[in-house]
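Okay, structure first, notes after.
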Amino acid sequence: MTWFQALLLGIVQGLTEFLPVSSSAHLVLVPWVLGWDVEPEAAFVFDVLVQLGTLTAVVIYFWPDLVHMLRSTLRAAIARRWTGDAYLRLTWLVVLGTVPAVAAGLLLKPLVEAAFGSPTAVSLFLLVTAGLLAGAEKVGRRSKALESASWIDALWVGLAQAISIFPGISRSGSTIAAGLARGLQRPAAARFSFLLSIPVMIGAGLVAGLDLAALPDAAAYGPVVLVGFAAAAVVGYLSIRWLLTFVGRHSLTAFSIYCLAAGLAGLLLSWVRT
């Protein structure tokens with residue numbers, strides 16, 4: 001992997017991890033479309049590090065919320081009283097919403113790995129994302145604040161996050177769409193989506209880190225791939241900031257159209273290359 005490839009894919013990861021267009025799809029399709037021949041080991045090392053870059057971005061952006069959530073949880077643990085302020089309640093909602101994704105990751109890992117090797121499958125899943133985003137604009141009253149979200153809302157959004165383990169189904173897109181369908185306000189749905197991504201990204205990073213440590217030459221890719229990490233972190237932070245402002249004023253229709261166009265283009269290119 002070259003410096004340019006690492007930089008470009010880091011920017012792609014930072015943009016698409018939080019915008020509802022599927023980062024996994026773009027990390028599969030961009031090298032494929034450009035005809036890059038990236039060694040599988042280098043690609044694996046890169047994927048691990050850039051995901052840690054976007055994790056860094058979301059943790060930094062939501063640091064105040066995370067600190068409040070941790071403090072509320074520690075106070076509840078010390079007092080042995082598991083009801084309390086809004087931040088403790090938010091913590092419980094994030095925990096509940098994380099369970100379906102963990103279960104899906106354990107049960108569906110072989111299918112997910114197979115999908116990553118198929119640009120055609122990735123393109124089809126992009127069409128699923130387009131449908132989810134379009135459908136979210138047709139249902140839901142979008143009047144509920146995050147503080148008013150119920151455990152059913154959290155579980156519903158968590159189930160949406162579970163299906164996003166397949167490349168092409170946007171994690172942010174599916175969870176924001178699910179939040180809107182449950183009546184959450186646009187900024188509330190986006191905020192919960194981002195907070196919900198943190199434990200999943202940490203878990204995925206730990207699992208991938210163990211696999212990474214087992215590779216004999218992983219360190220050799222470090223200097224180049226760190227460029228991608230830095231690009232993903234910076235661009236990811238800016239993407240979160242921009243999207244939270246955007247969804248407060250606009251619908252998700254533009255992202256739905258983009259996913260539809262990208263998915264159809266991917267299918268067409270797959271057909272041409274066969």
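The values are calculated or read from the model by the stated rules, or taken from the named source; none is laboratory data. Just so we're clear, the structure is a prediction, and the values are computed from it rather than from any experiment. Cβ: placed from backbone, ideal geometry, glycine included. Neighbour counts: every protein chain shown.
Would you mention how many residues in region 64-95 are outside any helix (DSSP H, G or I) and among the acidic types (Asp, Glu)? Before the answer, list the steps.
Of all residues in region 64-95, those outside any helix (DSSP H, G or I) come to 80-85.
Retained after the next criterion (residues that are among the acidic types (Asp, Glu)): 85.
Going through region 64-95 one residue at a time, the tally reaches 1.
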Selection from region 130-160 of residues that are under 30 Å from Ala261 (Cβ atoms) and part of a helix (DSSP H, G or I): Ala130, Gly131, Leu132, Leu133, Ala134, Gly135, Ala136, Trp156, Val157, Gly158, Leu159, Ala160
Of (1) of a type outside the set (Phe, Trp, Tyr); (2) at pLDDT 90 or above; (3) outside any helix (DSSP H, G or I), Ile165 satisfies all except one. Which? (2)
Would you point out which residue out of Asp47, Asp153 is crowded, with 18+ Cβ neighbours inside 10 Å and touching a strand residue (DSSP E or B) at 6+ places or on another chain (Cβ under 8 Å)? Asp153
Between a first residue in region 157-171 that is touching a residue at least 12 places away in the same chain (Cβ under 8 Å) and closer than 15 Å to Leu133 by Cα and a second residue that is small (Gly, Ala, Ser) and in a loop (DSSP other than H, G, I, E, B), which pairs have beta carbons less than 6 Å apart while being 6 or more apart in sequence or on different chains? Gly168/Ser22; Ser170/Ser22; Arg171/Ser164
When region 63-91 is examined, which residues are found to be touching a residue at least 60 places away in the same chain (Cβ under 8 Å), within 14 Å of Leu196 (Cα to Cα) and surrounded by fewer than 19 Cβ atoms within 10 Å (Cβ to Cβ)? Asp65, Leu66
Hey, does region 105-113 have a residue that's part of a helix (DSSP H, G or I) and buried (at least 18 other Cβ atoms within 10 Å of the Cβ)? no
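To keep it simple, each residue is scored yes or no on (1) modelled with pLDDT of 90 or more; (2) within 22 Å of Ser143 (Cα to Cα).
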{"position": "Arg186", "(1), (2)": "no, yes"}
{"position": "Leu196", "(1), (2)": "yes, yes"}
{"position": "Val200", "(1), (2)": "no, no"}
{"position": "Val207", "(1), (2)": "no, no"}
{"position": "Leu215", "(1), (2)": "no, no"}
{"position": "Leu226", "(1), (2)": "no, no"}
{"position": "Phe229", "(1), (2)": "no, no"}
{"position": "Val234", "(1), (2)": "yes, no"}
{"position": "Leu243", "(1), (2)": "yes, yes"}
